[in-house]
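The values are calculated or read from the model by the stated rules, or taken from the named source; none is laboratory data. Owing to the predicted nature of the structure, the values given are computational and were not obtained by experimental measurement. As a convention, Cβ positions derive from the backbone with ideal geometry for all residues, glycine included, and neighbour counts pool all protein chains shown.
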Amino acid sequence: MSLVVVGSVAFDELETPFGKTDRIIGGSGTFISLSAANFTKKNKTKLIGVVGGDFPKDKIAMLQSKGVDTEGLQIKENEKSFFWKGKYHNDMNSRDTLVTELNVLGDFDPVIPDSYQDCEYLILGNLAPSVQKTVIDRLKKRPKLVVMDTMNFWMDVAWDDLMQTLKLVDVLTINDEEARQLSKEYSLVKASKKILAMGPKVLVIKKGEHGALLFKEDQVFFAPALPLEEVFDPTGAGDTFAGGFIGYLASTGNIDFSNMKRAIIYGSAMASFCVEKFGTERLEELEEDELDERVQEFIDLVQFEIKLS
Ligand code: AMP
């Protein structure tokens, strides 16, 4: 079993109510692969992306040391990496994008190494929808499961491409604000129906500190987010969630609805680590036994007994 991740590998500059950062590493591909690699064997989480010569080589080595195969990460020595700057509002559930510099992502032509071709699981992290589609087209065999993430930016600038790519995927993960923008519906139940009619068979709506909803046909499941004492920086939480979700599915080899319920608990557990420190810091230091402890906290959080007469 192997899992291919495509996404941005970036520099981020962040401002939250708790502080500011200089340029630190980020990007959807970085967060997803760091998260998913906790579930797969060494080098079975395979990253596709592009960076400029300015991207720190020790951070690529860090990804490798975490078990991420970076053969599909192109390095354009004479160009600059993708750059994103965001500022969070006081409630940390919403943010403004202050700067998006596509740089190397502007003409990104994903190359799929031969060793990635047999992948069974594919996750298309937040990127131009046309690039996401190119990755599907360039795989010789369709994976067993294709998960896609996107954001409002692409709804604004690449609507038609987005509609085309959506038709090709099994699962879409987006946040509540994006679900409303995509469907033009306020009710998330109505939104889910409209979005499921656009192509995906399963929809996950991420609601930050308010948990996540899983929709498939008429079935709905809700997973809470863990009430945390410290929420430092939500950047990458959505991607980390998606990485945990697909990583768990890939490690168990089961993509039915009941296993997807477990997968969103694992995704939520991974996201709860991500927000505890700036950027990728907490994911980089995560120990194996911490994940089980956190999943147990989720189980305890939602377990109750009611006897209906
Ligand atoms: P999340 O907080 O999970 O939505 O993801 C945050 C990450 O998305 C940051 O690390 C950014 O580098 C990355 N990002 C922001 N805008 C874009 C974009 N337009 N395309 C690709 N990646 C992006």
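If LEU228 passes every condition in (1) hydrophobic (A, V, I, L, M, F, W, C); (2) under 18 Å from SER35 (Cα atoms); (3) part of a loop (DSSP other than H, G, I, E, B) but one, which one does it miss?
LEU228 satisfies all of (1) hydrophobic (A, V, I, L, M, F, W, C); (2) under 18 Å from SER35 (Cα atoms); (3) part of a loop (DSSP other than H, G, I, E, B) except (2).
From the list VAL131, VAL157, which one is farther than 30 Å from GLU276 by Cβ, touching a residue at least 40 places away in the same chain (Cβ under 8 Å) and within 13 Å of the ligand (Cβ to nearest atom)?
VAL131
Which one is surrounded by the most Cβ atoms within 10 Å (Cβ to Cβ), of the residues in segment 247-263 that are part of a helix (DSSP H, G or I) and out of contact with any Phe, Trp or Tyr (no Cβ under 6 Å at 6 or more places or on another chain)?
Once the filter is applied, the top-ranked residue is LEU249.
Evaluate segment 18-33: report whether one residue or more is closer than 30 Å to ASP292 by Cα, part of a loop (DSSP other than H, G, I, E, B) and at pLDDT below 95.
Yes, the conditions are met somewhere in segment 18-33.
Six or more apart or on different chains, Cβ atoms under 6 Å: show the pairs whose first residue is in segment 96-116 and under 11 Å from VAL6 (Cβ atoms) and polar (S, T, N, Q) and whose second is near the ligand (Cβ under 10 Å from one of its atoms) and not in a strand (DSSP E or B).
Final answer for the pair search is none.
Out of segment 168-189, which residues are among the acidic types (Asp, Glu) and assigned to a loop (DSSP other than H, G, I, E, B)? Talk me through it step by step, then tell me what you get.
Residues of segment 168-189 among the acidic types (Asp, Glu): 170, 176-178, 185.
Scanning segment 168-189 gives ASP170, GLU185.
Does GLY244 satisfy the condition of being at pLDDT 95 or above, in contact with a Gly (Cβ under 7 Å, 6 or more places away or on another chain) and assigned to a loop (DSSP other than H, G, I, E, B)?
Taking the combined requirement at face value, the residue does not satisfy it.
Name the single residue that is modelled with the lowest pLDDT among those in segment 267-289 being more than 16 Å from the ligand (Cβ to nearest atom) and assigned to a helix (DSSP H, G or I).
Keep residues of segment 267-289 that are more than 16 Å from the ligand (Cβ to nearest atom), which gives 285-289.
Filter once more, keeping what is assigned to a helix (DSSP H, G or I): 285, 288-289.
On the way: GLU285: 96, GLU288: 87, ASP289: 93.
Across segment 267-289, the extreme among qualifying residues is GLU288.
Quick one: which of PHE18, PHE11, PHE39 is in contact (Cβ under 8 Å) with a residue 60 or more places away in the chain, out of contact with any helix residue (DSSP H, G or I) (no Cβ under 8 Å at 6 or more places or on another chain) and more than 12 Å from the ligand (Cβ to nearest atom)?
Numbers: PHE11 fails: more than 12 Å from the ligand (Cβ to nearest atom); PHE39 fails: out of contact with any helix residue (DSSP H, G or I) (no Cβ under 8 Å at 6 or more places or on another chain).
So the residue among PHE18, PHE11, PHE39 that is in contact (Cβ under 8 Å) with a residue 60 or more places away in the chain, out of contact with any helix residue (DSSP H, G or I) (no Cβ under 8 Å at 6 or more places or on another chain) and more than 12 Å from the ligand (Cβ to nearest atom) is PHE18.
Of everything in segment 68-90 that's closer than 24 Å to VAL4 by Cβ and within 13 Å of the ligand (Cβ to nearest atom), which residue is surrounded by the fewest Cβ atoms within 10 Å (Cβ to Cβ)?
TRP84
Starting from residues that are within 21 Å of PHE257 (Cα to Cα) and in contact (Cβ under 8 Å) with a residue 60 or more places away in the chain, keep the ones in segment 175-205 and report whichever is farthest from the ligand (Cβ to nearest atom).
Once the filter is applied, the top-ranked residue is VAL204.
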